[in-house]
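The values are calculated or read from the model by the stated rules, or taken from the named source; none is laboratory data. These numbers were taken from a predicted model, which means no experiment stands behind them. Cβ placement follows ideal geometry from the backbone for every residue including glycine, while neighbour counts extend to all protein chains displayed.
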Amino acid sequence: MSDSIDNYTEETAPLFKLLSTPAFRFIIVCYNHYDLLRRLEQDLRQRFPERPFLKLDTAKSTYPQISEALQSMDSGFFWLENFDDALKEERNSLGKETEEMARRNENRRHITAGLNLRRDRWAKSPIALFVFVPMTSNELFARSIMEKMPDLWSFRSLILELRQARSAATVAQTDRRETTPSFSTLGGSTEAEKTNELHRLLGQLEQTPLGETDYLLTLYPQIVELQTELGHYNQALSTLSDWERIAPESTLATIYEKRGELFNDSGDVAGALTAFQQALEGYEQAGDKENEAWMQIRIGDTYEALGNLDKAIKHFTTALRVSETESDNPVFRNLQGLANERMGDSWMALGQVQNALSAYEAYQKIEQELWESNLSESQWKNNLAGSYEKLGTAHSDLGDLQQALGFYEQYNRLEKELHEAFPQNVEFKNSLAISYEKLGEAHAAFGDLQQALGFYEKDIELTKELHEAFPQNVEFKNSLAISYEKFGDIHAALGDLQQALGFYEQHKQLTKELHEAFPQNVEFKNGLAISYSKLGKIHAALGNQQQALGFYEQYNQLEKELHETFPQNVYFKNNLAISYSFLGNTYDDLGDLQQALEFYEKDLQLSKDLYNGHPQNVEFHNNLATSYTNLGETHVALGDQQQALEYYKKGLELSKSLHETFPQNVEFKNNLAVSYLQLGVFNRDQKINKEKAKEYFEQCFKLLKELSKAYPSYVEFQKNFHEVKEALDSL
Amino acid sequence: MSEDLSNYRKAMTLAEVDNAVRFDVPITADHPFFTDFSDVRGDFEDKVLYKSLNVNPRTFKYNRTQNMSNKTLLFLAGMRGSGKTSELDKITRKIHHPEGFFCVTCNLDTGLDSNDMEYMDILIFQLERLFEELKKQKIKIDQGILSSLQNWFAERVEEVNRVIKQEGGFEVEIKAGTPSILSFLGIAAKLKANLQGTKENAEKIRTVFKTNFTDFSKKINEFIEYCNMRLRDEKIAQELLFVVDGLEKVATIDIRKKIVISESDRIRQIKVNTIFTLPIELMSETRRISQMNTELPFPFVKIRERNGAEIPKAIERFHQFVTKRIDESLFDSLETIQKAIRMGGGSPRELLRVLEYANLYADDDANTITSAALDKGLKKLASHTAQYITPEEFKKLKELKEDNDKDLPTGTDDGWQDLLEKLIVFEYNDGTYKRVNPVVELSELYQRYVG
């Protein structure tokens, strides 16, 4: 199904005609964006204001509730949203039905069977029964409805397939949790239990004579593990040094590897790189291919964190080569999968999503094969779940939200099973939280903000539990901070700016604590920078420009430091460019055009570098177009018309090529419309060429007409559409 | 094992022969039937095994000072019935002392379900056996260590039960009690019993332990090294040594492969001296196994050279082997014994099978195993054995005969593994010298296909 067509008007025309005669109707609506439901509701209310309107969420209702609601109506419209839930037959990944699933499945069967059975009862009243099914996967819902409700289907039914172009960024997505902290079962599952176990081990260490090396060597790995989990990084590093003093040469590589991980956790990326390289040397000398491949992956990860993606890919390729030496060994096969995963990550960072998708597909294939060959290996199951997450992300980046949502659902299902089987396993719990976050993101992008909110709530609940169980653990603290950020985003998107502000403040509080505790940690520093940017944005939206300026300055300061420390890291460079652009916007709003110009020029310089270095990267391409547009506007305001025209034209050129490459992308379409509008206004106001101005306005009008029709609730589209309409009328 | 051997006496009458030639009961080194073949096994010498364990082959003392942190993982690879169990019994008796090892033998064929077994089962069984031996020796274990280990196990059992409960199955009933050797022994025994119970529950137990294997190995490694300290303190032994015997008796080749190959990574994580008897068909995987540690082939006794020349010393040793079990007076002649030995092909167990069949056709009234009875028995055995051979396999046997006739070695490839496993082909030395089972050569089918 192509998403490039907006078919609302065409598809709903026969519906409205049909509804003009009050009678019982059964209408199935498949939709690719939740906005379409709001649009349809709006239209129905406008066209048939006298008819009653009742809505229920199928996923949260039982048949008696639905039946009672239907009986309460004599006429009108009865909506059953999320009707796909009633068509589901829930099974776990092994195809089995748990007690809870059986209960839910029974409720679902009651709904479809009940509606079908009482068809004559419903048909007596002139009610239009609407059932809504999102196009979230390739499942044939119509067929399923026909099978489960054959009599109702054969009554007076109509199927609508409503489509609209996608909104690229309903909710801004910034960063995400890339790694899941690995937590042992040593000592237990709470901080207190683990602390007790650590004390026991330290006691054993103290009592054991130095000559009993073998016993001491069994204590050190456990102590390091527990100290790390409890967040005592410096003590863990010191234990590693003690361990190293008595360790036989054959285990030194393991110690270097652990040291690398600890450096990584505390943000010392350069230290981690050195340690991993030492470990690699050790494993190579010992002929330990398995660990050699793993170290190549970890070194690649570290280069990726440093922003050196070419080197990262080189190491991942080597890891793949080494792990291919024993493809029949599941451990090596898994390493092949992980090498593919990491390559996919690097391609994603480079903006080459198609390449990333191929790598993720290879990763998923391997993990699927491994898990199927041994269903009792939870690690393979967890990796398979992870591969679905990656596929979801790649599809989401490609704009295919239906596919993305499907993958996120599979990811969530497997993680749910793992968490249910191992509730004490914090790794699985954390992964489940992330899977909810991903579902939240996908639903937000799908326009269903309420559903998204529900998933974010589940995410935050689990993440809070993890943070409360291990308050010292920085990974969980960081995860909670990110959850607050996501929560803020969704509230902002729902228009609840004060609530959003509250969550953004909590986000900032946690990231600040993390940054202060680990000033070297790049992730935490970047997290703090992002929290400032979010606070800046929300204050700007609330009209507090001065406060917004303060936060943007702090954002800019941190991004400057990050860029100076890691000049090769494109992510930091891009963030710095964005921070300049935000500062420019704010000074512009405050009326200080000279300052705005200064920041926009800095932004332009960086955006140009990024685009020239990575011409395939869509984000850099779009940012550069925006930079030109911003400069054009500022130069107009400053009276430098020639310069403004030059920038506008450059911006238009870039926006045009983006829209041509991604015609379904709403953001790019809107940007192109804005470029035309600006040039139209410019030509009109400067009295350069009236015909040219008209031409630009017409092109803008065409695009905005489509957008405002498809997105009636988007104020910006409506505003621009009216502006251009007036401009055309006046011409 | 000793119970099985109590009625295991030399046959003085034909009626006693059947019991004396039982090949399903391994002989211990102190039993009158025990025959030491170590100096006639071709390339295998037991001193290599001692050295692999860092034990002095003369004093049988373990050189711990030089080998701290150097745990031996030894795979003794040999065919079924080659006498590995008896040889291992002899060796463990020699090294089980205060200057040597505390040997804990785990017989997989009696301790676990050979139709459904994984490495997790073996490890839990090893733990159970260790606790049994510690209890026998009345070794005191630090309460903190026991509590920590027991709590960890209790949490895993809880996880297992949660999954079982979700699917409406019967939970694993374990009441841990106050941590002690006895209580832990109870947990290990119960887990082992459940592993042998329903397949569903066994799978769930394995999943939980595999999922947490890194931690499992850390807990076990700490416990083992603590035991090693205690064994030294109590002057019982220098270190622990597990003898895991019977892997070749596990039902299918796939299960065996899964244990040794797929689990190699996990086997390596457990830091304890261990001897595993290795199924012969996994010898082709030597590359991976040798990465794990030491692998020693344990061949049949070579009674003939490749060119057909007999090895008198080996024949003589088998003569002892036979006459320790069956009184010489029960045979009609020395030649009958010699013929039976030749037909055994250097495999003690196959020789016992030949004798069993000869006894079946012997005249009870005459109270003698005659050459004719032996021939009849061999004919029957030959026709039984040859039925398992496919025409394709006969082609391989022909190839082997031609190589041997030219005194050329035959390499190892996957095609031979099945024949070796079925005891159609015997292997000697390091595996490069193979011979067709002499009994098979007698069959009509062999004569027809190979000639």
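Residues in region A:275-322 that are over 22 Å from A:LEU252 (Cα atoms), crowded, with 19+ Cβ neighbours inside 10 Å, in contact with a Phe, Trp or Tyr (Cβ under 6 Å, 6 or more places away or on another chain) and without any contact (Cβ under 8 Å) to a residue 40 or more places away in the chain: A:ALA312 only.
Is there a residue in region B:4-21 that is touching a residue at least 12 places away in the same chain (Cβ under 8 Å) and under 30 Å from B:TYR433 (Cβ atoms)? Taking every residue of region B:4-21 in turn, at least one turns out to be touching a residue at least 12 places away in the same chain (Cβ under 8 Å) and under 30 Å from B:TYR433 (Cβ atoms). Consider A:GLU193 carefully, then state whether it is more than 9 Å from chain B (Cβ to nearest Cβ), part of a helix (DSSP H, G or I) and of a type in the set (D, E, K, R). Criteria not met by A:GLU193.
Taken over region A:95-118, the criterion of being within 14 Å of chain B (Cβ to nearest Cβ) and modelled with pLDDT under 85 is satisfied by A:GLY95, A:LYS96, A:GLU97, A:THR98, A:GLU99, A:GLU100, A:MET101. Filtered by the rule that a residue be more than 8 Å from chain A (Cβ to nearest Cβ) and surrounded by 20 or more Cβ atoms within 10 Å (Cβ to Cβ), region B:225-235 gives B:CYS227, B:LEU231.
So that you can scan it fast, the table gives a plain yes or no per residue for (1) surrounded by 14 or more Cβ atoms within 10 Å (Cβ to Cβ); (2) part of a helix (DSSP H, G or I); (3) of a type outside the set (Phe, Trp, Tyr):
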position: B:ARG306; (1), (2), (3): yes, no, yes
position: B:LYS324; (1), (2), (3): yes, yes, yes
position: B:ALA340; (1), (2), (3): yes, yes, yes
position: B:GLY346; (1), (2), (3): yes, no, yes
position: B:ARG353; (1), (2), (3): yes, yes, yes
position: B:LEU374; (1), (2), (3): yes, yes, yes
position: B:LYS379; (1), (2), (3): yes, yes, yes
position: B:GLU392; (1), (2), (3): no, yes, yes
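Does region A:78-91 contain any residue that is over 30 Å from A:LEU414 (Cβ atoms) and touching a residue at least 24 places away in the same chain (Cβ under 8 Å)? Scanning region A:78-91, I find at least one residue that is over 30 Å from A:LEU414 (Cβ atoms) and touching a residue at least 24 places away in the same chain (Cβ under 8 Å), so the answer is yes. Looking only at residues in region B:55-69 that are in a loop (DSSP other than H, G, I, E, B) and away from chain A (no Cβ under 13 Å), the one that is nearest to B:ARG93 (Cα to Cα) is B:PHE60.
Residues considered: A:ALA59, A:ALA128, A:ALA69. Of these, the only one that is in contact with a helix residue (DSSP H, G or I) (Cβ under 9 Å, 6 or more places away or on another chain), part of a helix (DSSP H, G or I) and not acidic (Asp, Glu) is A:ALA59.
Being polar (S, T, N, Q) and within 14 Å of chain A (Cβ to nearest Cβ) holds for only one residue in B:THR105, B:THR72, and it is B:THR72.
Any residue at all in region A:352-374 that is away from chain B (no Cβ under 14 Å) and touching a residue at least 60 places away in the same chain (Cβ under 8 Å)? Yes, because at least one residue in region A:352-374 is away from chain B (no Cβ under 14 Å) and touching a residue at least 60 places away in the same chain (Cβ under 8 Å). Within region B:205-217, the set of residues being surrounded by 22 or more Cβ atoms within 10 Å (Cβ to Cβ) and either under 21 Å from B:SER180 (Cα atoms) or more than 7 Å from chain A (Cβ to nearest Cβ) (or both) comprises B:ILE205, B:VAL208, B:PHE209, B:PHE216. Any idea how many residues of region A:233-247 are surrounded by fewer than 17 Cβ atoms within 10 Å (Cβ to Cβ) and modelled with pLDDT under 90? Qualifying residue count for the region: 1. Restricting region B:82-103 to residues that are crowded, with 22+ Cβ neighbours inside 10 Å and in a loop (DSSP other than H, G, I, E, B), the residue that is modelled with the lowest pLDDT is B:SER82.
On the given criteria, is A:PHE332 buried (at least 21 other Cβ atoms within 10 Å of the Cβ) and either touching a strand residue (DSSP E or B) at 6+ places or on another chain (Cβ under 7 Å) or in a helix (DSSP H, G or I) (or both)? So A:PHE332 fails the test.
Consider region A:248-274 and keep the residues that are among the aliphatic types (A, V, I, L, M) and more than 20 Å from B:SER69 (Cα to Cα). The one that is modelled with the lowest pLDDT is A:VAL269. Region A:611-689 holds helices (runs of 4 or more DSSP H) entirely within its bounds, and those carrying 3 or more residues that are more than 25 Å from A:SER579 (Cβ to Cβ) map to A:641-661, A:666-685.
Just one of (1) in contact with a Ser or Thr (Cβ under 7 Å, 6 or more places away or on another chain); (2) over 28 Å from A:LYS289 (Cβ atoms); (3) within 14 Å of chain B (Cβ to nearest Cβ); (4) of a type in the set (D, E, K, R) fails for A:LYS429. It is (1).
Against the definition (more than 7 Å from every other protein chain (Cβ to nearest Cβ), over 24 Å from A:THR218 (Cβ atoms), within 27 Å of the chain's Cα centre (by Cα) and modelled with pLDDT under 80), how does B:GLY197 come out, yes or no? Judged against the criteria, B:GLY197 is a match. Of all residues being in contact with a Gly (Cβ under 9 Å, 6 or more places away or on another chain) and aliphatic (A, V, I, L, M) in region A:300-337, which is modelled with the highest pLDDT? Just the residue, please. Selected residue: A:ALA319. Set side by side, the residues A:TYR504, A:TYR555 differ, and just one is within 22 Å of the chain's Cα centre (by Cα) and over 18 Å from A:GLU441 (Cβ atoms), which is A:TYR555. Applying a threshold of 6 Å to beta carbon distances and a minimum spacing of six or more residues, or different chains, the list of pairs starting in region A:223-247 at a residue that is within 14 Å of chain B (Cβ to nearest Cβ) and ending at one that is surrounded by fewer than 17 Cβ atoms within 10 Å (Cβ to Cβ) reads A:ILE246/A:THR213. Within region A:198-222, the set of residues being modelled with pLDDT of 95 or more and more than 10 Å from chain B (Cβ to nearest Cβ) comprises A:LEU198, A:LEU202, A:LEU205, A:GLU206, A:TYR220. Could you tell me whether any residue of region A:34-56 is in contact with a strand residue (DSSP E or B) (Cβ under 9 Å, 6 or more places away or on another chain), exposed (fewer than 13 other Cβ atoms within 10 Å of the Cβ) and outside any loop (DSSP other than H, G, I, E, B)? Yes: region A:34-56 contains one or more residues that are in contact with a strand residue (DSSP E or B) (Cβ under 9 Å, 6 or more places away or on another chain), exposed (fewer than 13 other Cβ atoms within 10 Å of the Cβ) and outside any loop (DSSP other than H, G, I, E, B).
Per-residue answers, yes or no, for (1) out of contact with any helix residue (DSSP H, G or I) (no Cβ under 9 Å at 6 or more places or on another chain); (2) more than 27 Å from A:VAL666 (Cβ to Cβ); (3) buried (at least 20 other Cβ atoms within 10 Å of the Cβ):
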| site | (1), (2), (3) |
| --- | --- |
| A:ALA433 | no, yes, yes |
| A:GLU437 | no, no, yes |
| A:GLN450 | no, no, no |
| A:GLY454 | no, no, no |
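The rows are residues; the columns are (1) within 13 Å of chain A (Cβ to nearest Cβ); (2) surrounded by 22 or more Cβ atoms within 10 Å (Cβ to Cβ).
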{"site": "B:THR110", "(1), (2)": "no, no"}
{"site": "B:ILE124", "(1), (2)": "no, yes"}
{"site": "B:LYS140", "(1), (2)": "no, no"}
{"site": "B:LEU149", "(1), (2)": "yes, no"}
{"site": "B:PRO179", "(1), (2)": "yes, no"}
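Before we move on, is B:ASN7 over 17 Å from the mean Cα position of the chain (by Cα), farther than 19 Å from B:PHE318 by Cβ, surrounded by 14 or more Cβ atoms within 10 Å (Cβ to Cβ) and not basic (Lys, Arg)? No, not satisfied. Look at region B:253-265: where a residue is within 12 Å of another protein chain (Cβ to nearest Cβ) and a partner is of a type in the set (Lys, Arg), sitting 6+ places away or on another chain with Cβ atoms under 8 Å, you get B:ILE261/B:ARG288; B:SER264/B:ARG288.
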